[in-house]
Structure formats: structure tokens, C-alpha cells
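Here the structure is laid out as C-alpha cells; the discussion comes afterwards.
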Amino acid sequence: MTSADDFHGAGVLVTGAAKGIGAATAALFAEHGARVYPTDVDSVTGVASAAEYGAADRFRVLDVRDEDAWEAVVADMAADGASLQVLVNSAGAAIKAPLAETTLDGFRRMLELNLVGTFLGVRAAARHMRPGGAVVNISSLRGVLATAELGAYGASKFGVRALTRVAAIELADKGIRVNDVCPGSIDTEITAVPDFASDDMDSYVRSIPMQRRGSPTEVAEVIRFLADPRSSYITGVDLLVDGGTGAGVRTPKKNAESLT
Ligand SMILES: NC(=O)c1ccc[n+]([C@@H]2O[C@H](COP(=O)([O-])OP(=O)(O)OC[C@H]3O[C@@H](n4cnc5c(N)ncnc54)[C@H](O)[C@@H]3O)[C@@H](O)[C@H]2O)c1
């Protein structure tokens, strides 16, 4: 077994795998020899992206809010000869609004997708994953640092961290590890939503200690690390992938030169 083959044949289910962090994660696991099952609600983009790493035939439609669909996908994997060894819960979306302007429907949609969707995935793992398996949830730096105008999103992502810890404790004696990553600002479509992107991206980037945004692959590499059996004594942690933003406050410098 080579390091490029260290997930050889492992059944890896990734949600939200059509784009962004989920797509980069699915591709990275495939590169490491895994038998990846990319899932998403967007089958057109999902199949096209899966084709790039040879998994188009294993793409499955999975709306993470649908509990029956979870059972069906896991059963389908088993029928296909793959057991669930790694689960990455990446499906998610964001809305940005002050609490006073957040609609009840919008708040519920955030919880339903980001938190209930992750809960159903964690529960599927609790029911079907074998010892030695690993779950990696995607919270957010906004699930660590309360952020104005991200009340609904932040509540869902703080919730993901709570769920991660409870699952880690409950599943430890089954030999299943559960961790989460908390990305800072990563260059994907989620942050391109006009009302989500920072009004002043340049000054925002200057506030990041590393003075740049992260890439989906940089997050995928950390997800792979947490899922790797060699991380065998890590469970119940939040790993920030944020260029140092969560470490503390950086005074923005006007016209500072980029470090990259
Ligand atoms: N990009 C960032 O800066 C950032 C920062 C912190 C956390 N995150 C989190 O990372 C995760 C991935 O985000 P991304 O940046 O890759 O976003 P993205 O918009 O690029 O990808 C999200 C994917 O989720 C899918 N999706 C949406 N609703 C779904 C549903 N009901 N069921 C299944 N799939 C669904 C979309 O079709 C899309 O493919 C999200 O949970 C997000 O909150 C992103």
C-alpha cells in the first residue's frame, strides 16, 4: 500500500459532492484509492464532477434532509459491495441577514439543511458504520466565532459542533471517530452568493492573518487527515482551517502588501 493508495477500496460517502469542498474531498479520496460515492441534490453537476475522478457511476442523488434517502443510499452502497467506512457531511448553504430581518422560513431552512442534514448522516453512521470508521462533519469558523448577520447559519454550525462531540462520545466504544472541520473563508460558490460575500472583500482578506482565502483542496486535505486511520486517537475535535483567523484579532492594515 502506497501513501497515494492509503484508502484503497474504502467506501467513502460524501454529501454535497457536486461542488466546492465536497467535490474536492471526493476527488482527493478517489486519488487515495477510495471507492467514493459522491452524493448531492444536483445530479447534473454531480455526475460531471464525479466523472473527473472516475466515479460517475457511483454518484447518487441524496437530499440530506430526507431520512429515507439516507437509508436507501447506504443500502445501495452495501448492495454494491461497499461498506460505509468514511462519511463526510459537506452539504450546506448559507444565508446572511440581521436577526431582525431573518424570516422564520429562512431560519428553519438553515437548520434543516446544515444541522438536521448532518444529524441524519451521523445517525446513519451510528447505525451502519463498522468499527474503524470515521465521520467528518463540516462546521465553520462561523460556528466558533459568533458573527453578526450570520445568526441562522451560525446557529446551525454551532449545532454541528455539539452534534460532533456527542456522536464522538457515543460512538467511541464502537470504534468510530467523529470530528469536524471549521473552515474560514474558502473560495467556493457558497461565498459568491451576492448577499453573503463580504461587502469589502479586500479589507476582509487583510483581516486574515495569512492574508488570503483558502482553497477547497486545503480543506479536503484536513478532512482526509481526520478520516485517516492513522489519526486513531483523535475524536470529538473541531479543527480550524482558517488561515489563523480564529486564533485572535488582527488589526487590519491599510494597503498592506499581500504575503502570498
Ligand atoms: N466556502 C466557505 O467559505 C465555507 C466556510 C465554512 C464552512 N463551509 C461549509 O462547507 C460546506 C460546503 O460548502 P461549499 O463552500 O463547498 O459550498 P458549495 O455551495 O460550493 O457546495 C455545497 C453543495 O451542497 C449541495 N447541497 C445543497 N443543498 C443540499 C441538500 N439538501 N442535500 C444535498 N446536497 C445539497 C449543493 O448542491 C452543492 O453542491 C457547507 O456545509 C458550508 O457551510 C464553507
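The values are calculated or read from the model by the stated rules, or taken from the named source; none is laboratory data. These numbers were taken from a predicted model, which means no experiment stands behind them. Note: ideal-geometry Cβ built from the backbone for every residue, glycine included; neighbour counts use all protein chains shown. Areas reflect the complete protein model, heavy atoms only, side chains present, ligands, DNA and RNA absent. Shrake-Rupley method; radii C 1.70, N 1.55, O 1.52, S 1.80 Å.
Whenever a residue of the stretch 55-72 is part of a helix (DSSP H, G or I) and near the ligand (Cβ under 9 Å from one of its atoms), it has no partner that is open to solvent by less than 70 Å² (accessible area, probe 1.4 Å) and among the basic types (Lys, Arg) lying with C-beta atoms less than 7 angstrom away and at least six residues away or across chains. All of (1) within 29 Å of Gly151 (Cα to Cα); (2) open to solvent by less than 30 Å² (accessible area, probe 1.4 Å); (3) away from the ligand (no atom under 14 Å from the Cβ) hold for Val36 with one exception: (1).
Annotation: Gln211 fulfils all but one of (1) over 15 Å from Lys96 (Cα atoms); (2) part of a helix (DSSP H, G or I); (3) open to solvent by less than 70 Å² (accessible area, probe 1.4 Å); (4) not hydroxyl-bearing (Ser, Thr, Tyr); the unmet one is (2). Scanning the stretch 108-129 for residues that are crowded, with 16+ Cβ neighbours inside 10 Å, assigned to a helix (DSSP H, G or I) and away from the ligand (no atom under 15 Å from the Cβ) turns up Ala125, His128. Just to check your reading of the model, which residue among Ala23, Ala10, Ala34 is over 14 Å from Ala82 (Cβ atoms) and among the hydrophobic types (A, V, I, L, M, F, W, C)? Exactly one residue qualifies, and that residue is Ala23. Taken over the stretch 6-20, the residue count meeting the criterion of being within 16 Å of the ligand (Cβ to nearest atom) and either hydroxyl-bearing (Ser, Thr, Tyr) or open to solvent by 10 Å² or more (accessible area, probe 1.4 Å) (or both) is 4. Kindly check whether there is at least one residue in the stretch 21-37 that is modelled with pLDDT of 95 or more, more than 16 Å from the chain's Cα centre (by Cα) and of a type in the set (Phe, Trp, Tyr). No, the stretch 21-37 contains no residue that is modelled with pLDDT of 95 or more, more than 16 Å from the chain's Cα centre (by Cα) and of a type in the set (Phe, Trp, Tyr). Taking every residue in the stretch 162-178 that is within 15 Å of Asn89 (Cβ to Cβ) and pairing it with any residue that is surrounded by fewer than 14 Cβ atoms within 10 Å (Cβ to Cβ) and of a type in the set (Ser, Thr, Tyr), at least 6 positions away or on another chain, the pairs with Cβ-Cβ distances below 9 Å are Arg177/Ser232; Arg177/Tyr233. Kindly indicate whether any position in the stretch 194-208 is within 21 Å of the chain's Cα centre (by Cα), modelled with pLDDT of 95 or more and not polar (S, T, N, Q). Among the residues of the stretch 194-208, not one is within 21 Å of the chain's Cα centre (by Cα), modelled with pLDDT of 95 or more and not polar (S, T, N, Q), which makes the answer no. Filtering the stretch 81-107 to residues that are within 16 Å of the ligand (Cβ to nearest atom) and of a type in the set (D, E, K, R) leaves Lys96, Asp105.
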